[in-house]
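So the structure is just underneath, and the comments pick up after that.
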Amino acid sequence: THQWRGVITEYRDRMPVTDATPIVTLREGGTPLVPAPVLSEMTGCEVHLKVEGANPTGSFKDRGMTMAISKAAEEGAKAVICASTGNTSASAAAYAVRAGMVCAVLVPQGKIALGKMSQALVHGSRILQVDGNFDDCLTLARDLSEHYPVALVNSVNPFRLEGQKSAAFEIVDALGDAPDVHVLPVGNAGNITAYWKGYTEYEADGPATRRPRMLGFQAAGAAPLVTGEVVKQPQTIATAIRIGNPASWDSALAARDESGGRIEAVTDRQILAAYRLLASREGVFVEPASAASVAGLLMARENDWLPAGQQVVCTVTGNGLKDPEWAIAGAPAPVTVPIDAAAAAEKLGLA
Ligand code: F0G
């Protein structure tokens, strides 16, 4: 009768906590590593999906938030603040409730998905829509945390990355070693940094004998790490990664270079195609930003950045229910029928 206890307790010896740290958890992590037969067939690789939408608030952010909020509680913080494209704020809002803290969130006006906004609202956070993009929100959040009594819980807070590295541990624990290649979407670049840290620790200490090549994918309209230049007006339908000046820029490039990997761009069209493929063929419903990893996987094979026969883990970062707009757009409207089996059978094509 063992229940997963959350990432801090499961990996306690690898987390910066002491007996004085109150553990604020919703039992995040322990997410499924799901074999992807269709993607494996398409690529000639052994592809697994790390389904982070299965976390308590529906994204990987919970892994970092349990650490950031636990440490804020240890330090006596009464209020936390974050800038967000929606998932960080959803997670911060929930964990702040668990810790009895006030949560302030700064989001780019009109550019966060409906499900994410509903999470910040229902958990009672104080939401400000900023007349600017995510990068502007982060600048403002840093400024506020420096001058007012409020703790910053964006991934520039190092405890966030400590929590998020747990996903790499889980993958190695499940597969018996690190995969050949790890693919993930990149926005503010905290997650690729955290995975690399996790894989590096596990290799140094024994559970893994190697580290994967890291393949990161940005949206083409928001790809500063690919072009090498800050993007002033980032654009993409994948609002979660609509970021022009990633906070963890240097450490993302270090993960790329130390692993012999790449950071490349995928178009919105490729993202949406991968989004529909995942839902309609693999049975896995993710949000558009998450599908950037799968779009990247397919592009990597086409461009021979990924040889056939490799073991690949693709992180899908957030739940599809967060951003239902893209599931509904372009889909046929459901047909209405009377309460009549013959009529229903005919419409279903069964008759
Ligand atoms: N996928 C999803 C669903 C995200 O929400 C994010 C980031 C990323 C990928 C990229 O991860 O920033 O560590 O490179 N979302 C942040 C937020 C920015 O505010 O929720 P990253």
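Every read-out reported here was derived from the displayed coordinates using simple, explicitly stated rules and does not represent laboratory data. It should be emphasised that the depicted structure is a prediction, and the values quoted were computed from it without experimental measurement. Cβ: placed from backbone, ideal geometry, glycine included. Neighbour counts: every protein chain shown.
Before moving on, here are some points about what is shown:
- Rg ratio (alpha-carbon, reference 2.2 N^0.38 Å) - segment 210-279: 1.15
- Ignoring lysines fewer than eight residues from Lys61 along the same chain, the ones with Cα atoms less than 20 angstrom from its Cα are Lys50, Lys71, Lys111, Lys116, Lys165, Lys197, Lys322.
- Derived scalar couplings between HN and Hα for segment 81-90 equal 9, 8, 8, 7, 8, x, 7, 4, 5, 4 Hz in order, rounded to whole Hz, by the Karplus curve 6.51 cos²θ - 1.76 cosθ + 1.60 (θ = phi - 60°), x for Gly and Pro.
- Once C-alpha pairs closer than 8 Å and six or more residues apart are averaged by separation and normalised to the residue number of the chain, the relative contact order reads 18 percent.
- Percent of alpha-carbon pairs separated by more than 20 Å within segment 1-94: 47 percent
- When each of the peptides 294-307, 59-72, 153-166, 324-337 is scored by the mean number of other C-beta atoms lying within 10 Å of its residues, the order from highest to lowest reads 59-72, 153-166, 294-307, 324-337.
- In order along segment 92-107, the Karplus-derived 3J(HN,Hα) couplings, from 6.51 cos²θ - 1.76 cosθ + 1.60 at θ = phi - 60°, round to 4, 4, 5, 5, 4, 4, 4, 8, x, 10, 7, 10, 10, 10, 10, 10 Hz, and Gly and Pro are given as x.
- Backbone HN-Hα couplings from phi across segment 37-43 [Karplus 6.51/-1.76/1.60, Hz, Gly and Pro as x]: x, 5, 5, 5, 4, 5, 9
- √(5λ) per eigenvalue of the Cα gyration tensor, segment 174-314, largest first, Å: 23, 19, 13
- Distance between the modelled labels on Asp340 and Arg276, one decimal in nanometres: 3.3 nm (7 Å Cα→Cβ projection).
- Net +/- balance of residues flanking Ile171 in space, Cβ distance below 10 Å, scoring K and R +1, D and E -1: -2
- Computed per residue of the chain from DSSP H runs no shorter than four, each worth -39500 (n - 2.57), the mean residue ellipticity at 222 nm is -12000 deg cm²/dmol.
- Estimated FRET transfer efficiency when R0 is 22 angstrom, pair Ala254-Thr227 (beta carbons, to 0.05): 0.75
- For Ala327 and Thr267, a Förster radius of 22 Å and the Cβ-Cβ distance give a FRET efficiency of 0.70, rounded to the nearest 0.05.
- Counting all C-alpha pairs of the chain, share separated by more than 29 Å (%): 37 percent
- Size descriptor for segment 79-136, Kirkwood hydrodynamic radius: 10.8 Å (Cα pairs only, one decimal).
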